Amino acid sequence: MSEITKEQIRQPENLVYTKTKLLTDKALSYCPGCGHGTAHRIVMEVIEELNAQSETIGIAPVGCSVLAYEFMNIDMQQAAHGRAPALATAVKRLMPEKLVFTYQGDGDLAAIGTAETIHACNRGENITIIFINNGIYGMTGGQMAPTTLPNMKASTCPYGRDVVTMGNPLKMTELVAQLPGVRYVTRQSVHTPGNVRKTKKAIRKAFDMQKENKGLTFVEIVSNCNSGWKMTPIQSNKWMEENMFPFYPLGDIKVDGQLVK
Amino acid sequence: MKELRLMKGNEAVAEAAIRAGCDGYFGYPITPQSEVMEYLMYQEPHKTTGMVVLQAESEVAAINMVYGGASCGKRVMTSSSSPGISLKQEGISYIAGAELPCLIVNVVRGGPGLGTIQPAQSDYFQSTKGGGHGDYRLLVLAPASVQEMADFAGLGFELAFKYRNPVLILSDGVIGQMMEKVELQPHQPRFTKEEIKANTPWATYGKTDDRGRNIITSLDLDSHKQEKHVTHLAEKYQAMEENEVRYEEFQTEDAEYLIVAYGSSARISQKAVDIARAKGIKVGLLRPITLFPFPKKPLAKLATQVKGILSVEMSLGQMVEDVKLAVECKIKVEHFGRYGGIIPTPDEVVAALEQKIIGG
Amino acid sequence: MAKVKGDIVIDIEKCKGCEVCITACPNDVIAMAKNVNGKGYHYAESINEECIGCANCAIVCPDGVITVYKIKL
């Protein structure tokens, strides 16, 4: 009994977890330890759980996740920078029976796409927005983002973000939660197993609400950018807990159309 | 049975779009084209054909809604006027790059900048040479009547899907705002799901087990692939030049001089031809209906017959460059235009012909 | 003695050596290999028999390279 071999354990009937088939076999283009990969995976796991591969249209942004369509094994459209909610609006209006989501970074959603985001939210488009907030422009090499924290360093604020001259970080999630068209708003993370499980539940909830035509659902995932922050992945996750979470606190912000707290 | 109506150009293109089986219109108000969306909203086609009509938060959003809808294999369109069309250029470039069919209507007003709300033809370069970034062309139809505003909606969709390319109806404030008698085409049904699957197998309508995932993108980080893609686009534009050139000739049989004009300038020039002929000047008119592809061959042929060409445009002179290229500068080509929202009179056109071509 | 026994299989060629799985593992089963994979990353590997198949490592792995098995004893 004590001598169970690895081969005996590694049997299909004993499988606990493996990468979903809704992710392609292509190696992810993200930096080691980047939360994008985890976020991609749980979105795809939820779609798999919902058996909705043939019913889902995803919209990729411009930014690090511009190539999301290389990894997500569903029909996808790649939008111009910031415009994903406009594409999603049309897709959902023209095919209301489909599950439609955008996957956007903070530069895409909270800077160049502010108008498209706010207005899609305000119209209560029946779509889901997955918002990855790592407080920096990763793909272009670590420039200041609309979400960069006060005094946080980036390549275009090398001495730290001076809020007097560079403005304050924009809390888009709290902002869109104010809009009547928005049904569900939550802020989560994917840096620990517990947080991944919570975030996956949140995404499931968002998609379920979309299926029930409840209005716009918005899931922010506060994530790391170890390359941009110039830290190891483990350091970046710790730094995120200590610096990002106090400013961007995790938890539900709006549930069933009601603001929490 | 013929269905005749008295309509504005802007209303005609809207009504014709509904009848052409359009699935979605996404727009933003701007003078002098606001009647397009107003008409659609008043008609409520979602109750009859199921067509979606949505007022977007900006021209930028509207064209990107078109991108999203076109990606699903749907017949989608937008309309605007010059400053709004400038805002749409980013989206148009993406749409051309991703090879999506769609219809765009530009009811041109004077520019640059906010310019004026009066008619002009100063967006010719923007329309025919690409407009946004990158190597691409739109197929450009230039209506000269309210009837053509209606006819080009259906034709525009047909060509857009034939070539997987955006089609632009380049109208102007005159054609958009004036009322004329229009014969409307019967209703054509919207595409069914089965038709979309069969006719646009590249569209994103949900990945099924019988095919790989469909991806709509204009991005290719592999430059070799990108070059191949642009070469493919070039072949498409070449095919348009071979198959889709449309134009109209008026009194060219015995012409010694030629006016080239499109859209409302062509209507004015047609009257100018009559006035000139009454004065004994043998002048004809060539009206390009497609501005891209441009009627190069018929112009080159007429260049062996006439002594000089006057390009009449409500601009500083934009199409005149294409006329010169078409005739390879073998004969005299001059431009006459009013601009900034001023419409030339037929007498001014005749005077310009006499001064710049005959007397010059 | 543990009532379950688990095991993990790591796609070492796709592992980027970020170490997030190491901090997630409750039983210190994972460590970075001294060797590197084809891309030059030190990859994660299982170093003992303490795995309980909780899948925490796989759940936080950004690259989805870990497959988890579990057997009840």
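If a/c stays under 1.5 just call it rounded; otherwise compare a/b with b/c (prolate if a/b is bigger, oblate if not). Do that for the stretch A:1-62, with a ≥ b ≥ c from the square roots of the Cα gyration tensor eigenvalues.
Values: a/c = 3.52, a/b = 1.80, b/c = 1.95.
Oblate.
Give the Cα extents of chain C along the principal axes, in whole Å, largest first.
38, 21, 18
For chain B, what's the relative contact order in percent, using C-alpha pairs closer than 8 Å and at least 6 residues apart?
18 percent
Once Rh is set to the Kirkwood radius over Cα pairs, what Stokes-Einstein translational diffusion coefficient, in µm²/s, holds for the protein assembly as shown at a temperature of 10 °C and a viscosity of 1.306 mPa s? All intermediate terms of the calculation are to be shown ahead of the outcome.
Values: Rh = 27.7 Å.
It comes out at roughly 57 µm²/s.
What does the helix-only formula give at 222 nm for chain B: each DSSP H stretch with n ≥ 4 adding -39500 (n - 2.57), the total divided by the residues, and the result rounded to the nearest 500 deg cm²/dmol?
Taken over chain B, the calculation gives -12000 deg cm²/dmol.
Which whole-angstrom value gives the distance between the alpha carbon centres of the stretch B:278-352 and the stretch B:198-228?
The stretch B:278-352 and the stretch B:198-228 have Cα centres spaced 42 Å from each other.
Give me the extension gain from A:Q8 to A:T165: residue separation times 0.36 nm, minus the current Cα-Cα distance, reported in nm with one decimal.
50.2 nm
Need one value for B:213-224: mean number of C-beta atoms belonging to other chains within 10 Å of its residues' C-beta atoms.
The per-residue average across the peptide is 5.
For chain A, set up a Gaussian network in which alpha carbons nearer than 10 Å are linked by springs, and say which option among A:Q104, A:Q188, A:Q178 fluctuates the most.
A:Q178
How about chain C: what cysteines have no other cysteine beta carbon under 4.7 Å from their own?
C:C15, C:C18, C:C25, C:C51, C:C54, C:C61
Only bridges with both residues in chain B count here: give the DSSP antiparallel percent, nearest 5.
On the way: 13 of 46 bridges.
Counting DSSP beta bridges with both partners in chain B, the antiparallel share is about 30 percent.
Determine the relative contact order of the stretch B:3-193: mean sequence separation of Cα pairs under 8 Å and six or more apart, normalised by residue count, in whole percent.
Once normalised by length, the contact order is 32 percent.
Under the rule a/c < 1.5 gives rounded, and otherwise a/b versus b/c splits prolate from oblate, where does the stretch B:247-358 land using the Cα gyration tensor?
Rounded, since a/c falls under 1.5.
Suppose a student asked you for the relative contact order of the stretch A:31-259, using Cα pairs under 8 Å spaced at least 6 residues apart; what percent would you report?
Across the stretch A:31-259, relative contact order equals 20 percent.
In a shell of Cβ-Cβ distance under 10 Å around C:K14, excluding C:K14 itself, what net charge do Lys and Arg (+1) and Asp and Glu (-1) give?
Net of charged neighbours comes to 0.
Need the C-alpha centroid separation for the stretch A:41-82 versus the stretch B:37-76, integer Å.
24 Å
Extending each Cα 7 Å along its Cβ direction at B:Q55 and B:A300, get the distance between those two points in nm, one decimal.
Reported label-point gap for B:Q55 and B:A300 is 5.0 nm.
When you count, for each residue, the other Cβ atoms within 10 Å and take the mean per peptide, how do A:80-86, B:157-163, A:31-37 rank with the highest first?
Taking the mean over residues of other Cβ atoms within 10 Å, the ranking is A:80-86, A:31-37, B:157-163.
Using the Kyte-Doolittle scale, find the helices of chain B whose mean hydropathy is at least -1.0 and whose Cα atoms extend 18 Å or more along the helix's long axis, counting only whole DSSP H runs.
Taking the DSSP H segments of chain B (at least 18 Å long, mean hydropathy at least -1.0), we get B:82-97, B:146-163, B:263-278.
Other chains near A:52-59: what is the mean number of their Cβ atoms within 10 Å of each residue's Cβ?
Neighbouring Cβ atoms belonging to other protein chains average 5 per residue here.
Can you give the calculated 222 nm mean residue ellipticity of chain A, where each DSSP H run of n ≥ 4 adds -39,500 (n - 2.57) and the sum is split over every residue, rounded to the nearest 500 deg cm²/dmol?
Details: 10 runs with 83 residues, N = 261.
Only helices count here, giving -8500 deg cm²/dmol.
What is the distance in Å between the Cα centres of the stretch A:146-220 and the stretch B:110-174?
40 Å
Provide the net charge surrounding B:L6, with neighbours chosen by a C-beta distance below 11 Å and charges set as Lys +1, Arg +1, Asp -1, Glu -1. Please list the in-between numbers first.
Details: positive: B:R5, B:K8, B:K181; negative: B:E11, B:E180.
Local charge sum for B:L6: +1.
Take the Cα radius of gyration of the stretch B:51-152 and divide it by 2.2 N^0.38 Å, with N its residue count; two decimals is plenty. Write down the numbers at each step before the final one.
On the way: Rg = 13.3 Å, N = 102, 2.2 N^0.38 = 12.8 Å.
Scaled against compact globular proteins, the figure is 1.04.
Of all beta bridges DSSP finds with both residues in the protein assembly as shown, what is the antiparallel percent, to the nearest 5?
On the way: 35 of 96 bridges.
Close to 35 percent.
Which length gain, in nm to one decimal place, applies between B:T208 and B:T48 when the Cα-Cα distance is subtracted from 0.36 nm times their residue separation?
54.6 nm
Taking each residue of C:49-56 in turn, how many C-beta atoms of other protein chains fall within 10 Å of its C-beta, and what is the average?
That works out to 3 on average.
How many percent of DSSP beta bridges within the stretch B:3-193 run antiparallel, rounded to 5?
25 percent
Can you list, largest first and rounded to whole Å, the semi-axes you get for the stretch A:33-191 by taking the square root of 5 times each eigenvalue of its Cα gyration tensor?
For the stretch A:33-191, the ellipsoid semi-axes come out as 27, 18, 13 Å.
What percentages make up the Cα-Cα pair-distance distribution of the stretch B:251-311 when the bins are 10 Å wide from 0?
24, 56, 19, 1
Which of the three applies to the stretch A:177-237, rounded, prolate or oblate, going by the alpha-carbon gyration tensor with a ≥ b ≥ c and a/c under 1.5 meaning rounded?
prolate
Any read-out appearing in this document is the output of simple, stated calculations on the displayed coordinates, not a laboratory observation. Keep in mind the model is a prediction, meaning the values are calculated, not measured. So basically every Cβ, Gly included, is an ideal-geometry build from the backbone, and we count neighbours across all protein chains shown.
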